[in-house]
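Just below is one structure, and these are the notes that go with it.
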Amino acid sequence: MRYKLIIMTTEERAELIGIIEEQIEKLEGKIEELKEFTEPISPDDSIGRISRMDAINNKTVFDASMRNTRERLLQLQNILTQKDDPDFGRCLKCHQEIPMGRLKIRPEIRVCAGCLRTV
Ligand SMILES: [Zn+2]
């Protein structure tokens with residue numbers, strides 16, 4: 001397969017790196033916020049049985065959110081380590097450039113739309 005000859009410009013690359021760094025910062029902030037809600041629920045009776053059940057239900061939601069956030073953060077940090085790689089912004093499978101519009105929204109994607117469909 002021939003490579004498309006659209007090469008990400010230095011400006012686009014810098015912009016994308018900025019977006020990734022910004023998202024990393026946001027996710028780190030979110031993790032800090034979530035920490036407060038994912039701490040173990042105290043076993044004492046001071047909060048009462050119903051609110052304790054509520055707290056446990058909420059904790060499950062926050063735990064899941066924490067997992068997703070951490071996972072996304074790792075992906076983004078991982079991508080940032082590859083920012084000087086010639087394959088940065090290219091599909092891992094077919095090596096075509098992933099459109100900037102897509103990368104700006106989800107910089108952690110590693111395969112193009114075409115390859116995503118065939119996975
Ligand atoms: Zn591809």
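The numbers here are math on the coordinates, done by the rules we state, and not lab data. As the structure is a prediction and not an experimental result, all values here were calculated from the model. Here the Cβ is made from the backbone with ideal geometry for all residues, glycine too, and neighbour counts use every protein chain on show.
Things to note:
- Scan of region 54-79 for residues that are over 22 Å from C115 (Cα atoms) and among the aliphatic types (A, V, I, L, M), ordered by number: A55, I56, V61, A64, M66, L73, L74
- Leading residue by the ranking (farthest from K30 (Cα to Cα)) among those in region 79-92 that are free of Cβ contacts under 8 Å to residues at least 12 places away in the same chain and either more than 15 Å from the ligand (Cβ to nearest atom) or of a type outside the set (D, E, K, R) (or both): P86
- Across region 42-63, not a single residue is classified as basic (K, R), assigned to a helix (DSSP H, G or I), away from the ligand (no atom under 16 Å from the Cβ) and within 25 Å of I20 (Cα to Cα).
- Taking each residue of region 93-119 that is over 16 Å from R72 (Cβ atoms) and looking for partners that are in a helix (DSSP H, G or I) and within 11 Å of the ligand (Cβ to nearest atom) with beta-carbon atoms closer than 6 Å, six or more apart or interchain, yields K93/C115; C94/C115.
- Matching entry among L103, L116, L76 (being of a type in the set (A, V, I, L, M) and more than 15 Å from the ligand (Cβ to nearest atom)): L76
- Scanning region 88-97 for residues that are closer than 12 Å to I7 by Cβ and of a type in the set (D, E, K, R) yields R90, E97.
- Residue tally, condition surrounded by 14 or more Cβ atoms within 10 Å (Cβ to Cβ) and more than 14 Å from E15 (Cα to Cα), over region 80-94: 4
- Positions within region 8-31 being aliphatic (A, V, I, L, M) and in contact (Cβ under 8 Å) with a residue 40 or more places away in the chain, in sequence order: M8, L16, I17, I19, I20, I24, L27, I31
- Exactly one residue out of I50, I17, I7 is surrounded by 14 or more Cβ atoms within 10 Å (Cβ to Cβ) and out of contact with any Asp or Glu (no Cβ under 6 Å at 6 or more places or on another chain): that is I17.
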